[in-house]
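Below is one structure, written out as structure tokens; comments come after it.
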Ligand SMILES: *Cc1c(COP(=O)(O)O)cnc(C)c1O
């Protein structure tokens, strides 16, 4: 579905002019993914596993690899194969879905060398042990249910062993492997409060103390935020400091290591989607991309995504509110917005929807025959960045929020 163009443009508008794509266009900014990966490697006090589901595009995986990221959080046999075949044994794969098919476990272990598996029940542990023929070289991670206060997208209802059942499961996992055992959790996606990581880590600490088991890894999961209009998170360094400080208070701090599984934060700001207006009806714009395409999140999470009008020669009209309809015949393929765009926007114009590097192309379907997306590279800067400078401390020195607005540098294309 993703037909990659190796073409490089200085901006999405240049790409539209050159290609005039029939379908939506995914804008890739690999330099931003590499910078985000480097930032996490330098500032997260442990090992970084990229959550592949956020965006499994080859350009993302390669850009992270270029930034030194070697860990990948995979959730299916297909994701295991994708990463293992691309990077070989140098990639470190962690199978972090708490419910795996037996075949996926067996293939991951025997064919692709995966040794790290997560579980949140005894039944899943039994499956893992059976399908690996009672392997003793497993790294077993126990997924804990933790509070999702502070997350914009809570993920707590589906996975994680309860505080009451965690100690017994931790003891059993400890006894089942001669290698490493750890705990993991997810504070919820787009987590706006660094203190949420502290609360979850202290939950984990209580479970570990109750279990009386030696724990080698504390995996704080994903949930690190990106910047959406009206959703300005604290600077990323504040999350790193909270995690580092809380880890030092944990019972296991002397012997354990930290892991994280960022998805959104590494890729959101590096991608956007360019869609074309195929018809205008009053304040409704009928687009060639929508909820069944690359705009699933833009439609369903109901956050304000930033938009930019693209037309040869531009428009001088005032901004007005618009709603979007996607190309399929389904009436839920609609986003009420309001999206602020020039009042004279018309058929044939394009719209760049920003901050869609995460959970954009990753979620597209081919429903109704739409969804064929062309990917091109753009060398411009993203609209906003959590990683505007190289280190958290520098970012902090830049100003209170530490968030660097890149809009003023947008015109300066970066050379590779
Ligand atoms: C989705 C997911 C992630 C990534 O979450 P983000 O909110 O995108 O950072 C990490 N770990 C697990 C287990 C996940 O399911």
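Only the coordinates and a few stated rules stand behind these numbers; no lab work does. Bear in mind that the values here come from a model prediction, so they are computed numbers and not experimental data. We place every Cβ from the backbone using ideal geometry, glycine too, and count neighbours over all the protein chains shown.
Counting pairs of alpha carbon atoms under 8 Å apart in space and at least six apart in sequence, what relative contact order in percent does the chain give?
Details: 975 pairs, mean separation 89.5, N = 416.
Taking the mean separation of contacting Cα pairs over the length of the chain, I get 22 percent.
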Could you please rank 251, 322, 72, 296, placing first whichever residue has the fewest other Cβ atoms within 10 Å of its Cβ?
-> 251, 296, 322, 72
Expected unfolding gain across residue 163-residue 179 under the 0.36 nm per residue rule, minus the alpha-carbon gap, is 3.3 nm
Pairing the Cα long axis of helix 77-87 with the longest principal axis of the chain, what angle in degrees results, from 0 to 90 and rounded to the nearest 10?
-> 80 degrees
When 31, 350 are ranked with the fewest other C-beta atoms within 10 Å first, the list becomes 31, 350
Mean residue ellipticity (222 nm) of the chain, computed from DSSP H runs ≥ 4 via -39,500 (n - 2.57), nearest 500 | -8000 deg cm²/dmol
Gyration tensor verdict on segment 45-261 (Cα atoms; rounded if a/c is under 1.5, prolate if a/b is larger than b/c, oblate otherwise) = oblate
Selected from 297, 283, 62 as most flexible by GNM, with the chain as the system and alpha-carbon contacts under 10 Å | 283
According to the square roots a ≥ b ≥ c of the eigenvalues of the Cα gyration tensor, what is the shape class of the chain, taking rounded for a/c under 1.5, prolate for a/b larger than b/c otherwise, and oblate for the remainder?
-> prolate
How many angstrom lie between the C-alpha centres of segment 191-251 and segment 48-116?
-> 23 Å
What is segment 45-261's relative contact order, in percent, from Cα pairs under 8 angstrom and six or more apart in sequence?
-> 18 percent
Which of these, 281, 210, 323, has the largest mean-square fluctuation under a Gaussian network model of the chain (Cα springs below 10 Å)?
-> 281
By how many nm would the segment from residue 312 to residue 347 lengthen if fully extended, with 0.36 nm per residue of separation less the alpha-carbon distance?
-> 11.3 nm
Row for segment 161-270, column shape: gyration tensor on C-alpha, a ≥ b ≥ c, rounded if a/c < 1.5 i.e. under 1.5, prolate if a/b over b/c, else oblate; value prolate
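Based only on other Cβ atoms within 10 Å, what is the fewest-to-most ordering of 119, 258?
Ranking 119, 258 by Cβ neighbours within 10 Å, fewest first, gives 258, 119.
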